[in-house]
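These notes are about the structure you will find just below.
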Amino acid sequence: MADLEETISLQDLFKTLRKRFVLIISAVILAVTLAGVVSYLYLTPIYKASTQILVTQKENDQQYNSQDIQTNLQLINTYKLIIKSPAILSIVAEKLDINTSPGMLNSQIAVNSEQSSQVVNISVQDVDHRNAVDIANVTAEVFQEEIKTLMNVDNVNILSPAVHAQNPSPIKPNPLLNMAIAAVIGLMLGIGLAFLLEYLDKTVKSEQDIEELLELPILGLVGPIPNNEGIRRRRERKGRWLKKKTKLETAKRKLITRNNPKAIHSEQYRTIRTNINFSMPDRELQTLLFTSALPRDGKSTTAANAAIVFAQEGKKVLLVDVDMRKPTVHHTFELMNGLGLSNVLTRQATISEVANESGTEGLDIITCGPIPPNPAELLSSQMMETVLEEMKKAYDMVIFDSPPLLSVSDAQILSNRCDGTILVINSGITEKDGAVKAKEVLASSKAHIIGAVLNNFKIDKDHYFYQYYGTVE
Ligand SMILES: Nc1ncnc2c1ncn2[C@@H]1O[C@H](COP(=O)(O)OP(=O)(O)OP(=O)(O)O)[C@@H](O)[C@H]1O
Ligand SMILES: [Mg+2]
């Protein structure tokens, strides 16, 4: 069972690779560039030169028989050892007048012969091609001479001496080969890193995460809303640096259901509305609280758009900003925040006095009002209960935009008084631990959690959502 749970599907693997594609490609490019730079700039080129000698048994023999050839081959093995012996190499070093020990020369020289061939190859590697040529040729010559005294035979001929070249090309390094190897290593490292990051990433990323971890129904998925409006505004003001992203830009994006009801995101909010409507068939859902674990998860965006789509459905809706620490609803709907909920809760104004028209038919807004020093106290007061009842009498649906659950207790207090609470999860940002904690906090205050909204969720083209709503423009 545990095995089954931990099995990662092939689809997940591809998803990870696709998600971290840029990382993987960057790793490959980095590795190839590094290998290129090191190969071309830092590694000393090594040149190789070879001299071929032919070993025969008898100089003047007209014909070899197979016996002779066999003997020759045994001889060649002996010769290979002799060529690299200090006896020969010390004379080579002397002749070349180079300050190299026979041991060093030995490591530069390789002697080999093809099987059943009497041709012996003396190859020399050196940082200087000329040196390599000289060492190879002198070694062959010295050996040819010395073998006469060493073995009392004269059966070595130089077949083809090494030659000096104008533009010799080094045998090492081979930059292309190094870069190809680096590409493979980079690819493997990139893929490894991608999976490591995925493993270390403890954020909620998918509907499955929510279902398995929080055991909450998914009310809907909202994709990242493109910031087209913002880009246009910035161009309009070209030449002048904006202090920060203007509130208006954000407001435009936030109210996609009003600004572009045909956008796929608006359809996503309508799906959330449908799911909320269906979530409690037996019980009337009149007061709804939108909250999340941490700041900037998308509570206000979701609450505002949900309020608009409920109003578009024909309901009389009231959106109330109960985020009395960092209120944003007045920015979103471009309203003044002179009078608001805090005035009502302190008996300075009535609901009808503070309710604003939103610009969307059927939707009224109550902003936060002057920020009070004791929001939690106000929200848990008897007055809040009374205000809530009044709101319920005047509207079909009351939606609250609240502060984050794990920062302050305001949302927790209010969740207990609302018919339903909706947990907004910021895909890829909300930590699993945080989401679980948020749910526990709500559960401890006996909130009725209707479900979760997965915000900023990049919907795949092959996701079921696309198959139904993908054509909506
Ligand atoms: N689906 C989305 N696509 C693109 N941007 C989004 C989306 N949801 C939220 N944002 C942006 O993220 C920022 C935070 O969103 P929002 O104000 O709704 O979060 P919040 O949870 O209410 O934050 P706070 O805790 O500060 O009240 C805003 O700039 C908003 O425009
Ligand atoms: Mg907010």
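Among the numbered conditions (1) under 40 Å from the mean Cα position of the chain (by Cα); (2) within 15 Å of ligand 1 (Cβ to nearest atom); (3) under 24 Å from Asn337 (Cβ atoms), the only one that Gly434 does not meet is (3). Scanning the stretch 442-459 for residues that are surrounded by fewer than 19 Cβ atoms within 10 Å (Cβ to Cβ) and more than 12 Å from ligand 1 (Cβ to nearest atom) yields Ala443, Ser444, Ser445, Lys446, His448. Note on the stretch 102-111: among residues that are surrounded by 13 or more Cβ atoms within 10 Å (Cβ to Cβ) and not hydrophobic (A, V, I, L, M, F, W, C), the one that is farthest from the chain's Cα centre (by Cα) is Pro102. Within the stretch 287-314, the set of residues being in contact with a Phe, Trp or Tyr (Cβ under 8 Å, 6 or more places away or on another chain) and either more than 16 Å from ligand 1 (Cβ to nearest atom) or closer than 18 Å to Glu361 by Cα (or both) comprises Thr287, Ala303, Ala304, Asn305, Ala306, Ile308, Val309.
Would you confirm, using the coordinates I've provided, whether Asp364 is within 14 Å of ligand 1 (Cβ to nearest atom) and closer than 19 Å to Phe290 by Cα? Taking the combined requirement at face value, the residue does not satisfy it. The residue that is nearest to ligand 2 (Cβ to nearest atom), among those in the stretch 296-312 that are of a type outside the set (Gly, Ala, Ser), modelled with pLDDT of 95 or more and farther than 14 Å from Ile422 by Cα, is Ile308. Out of Gly359, Gly369, one residue alone is surrounded by fewer than 18 Cβ atoms within 10 Å (Cβ to Cβ), away from ligand 1 (no atom under 13 Å from the Cβ) and part of a loop (DSSP other than H, G, I, E, B). It is Gly359. Within the stretch 122-151, restricting attention to residues that are of a type in the set (D, E, K, R) and in a helix (DSSP H, G or I), the residue that is nearest to the chain's Cα centre (by Cα) is Arg130.
Residues in the stretch 316-339 that are assigned to a loop (DSSP other than H, G, I, E, B), at negative phi and within 16 Å of ligand 1 (Cβ to nearest atom): Val322, Asp323, Met324, Arg325, Lys326, Pro327, Thr328, Phe333, Leu335, Asn337.
The values are calculated or read from the model by the stated rules, or taken from the named source; none is laboratory data. These figures come from a predicted structure and were not determined experimentally. No Cβ is skipped: glycine too gets one built from the backbone with ideal geometry, and neighbour counts run over all protein chains shown.
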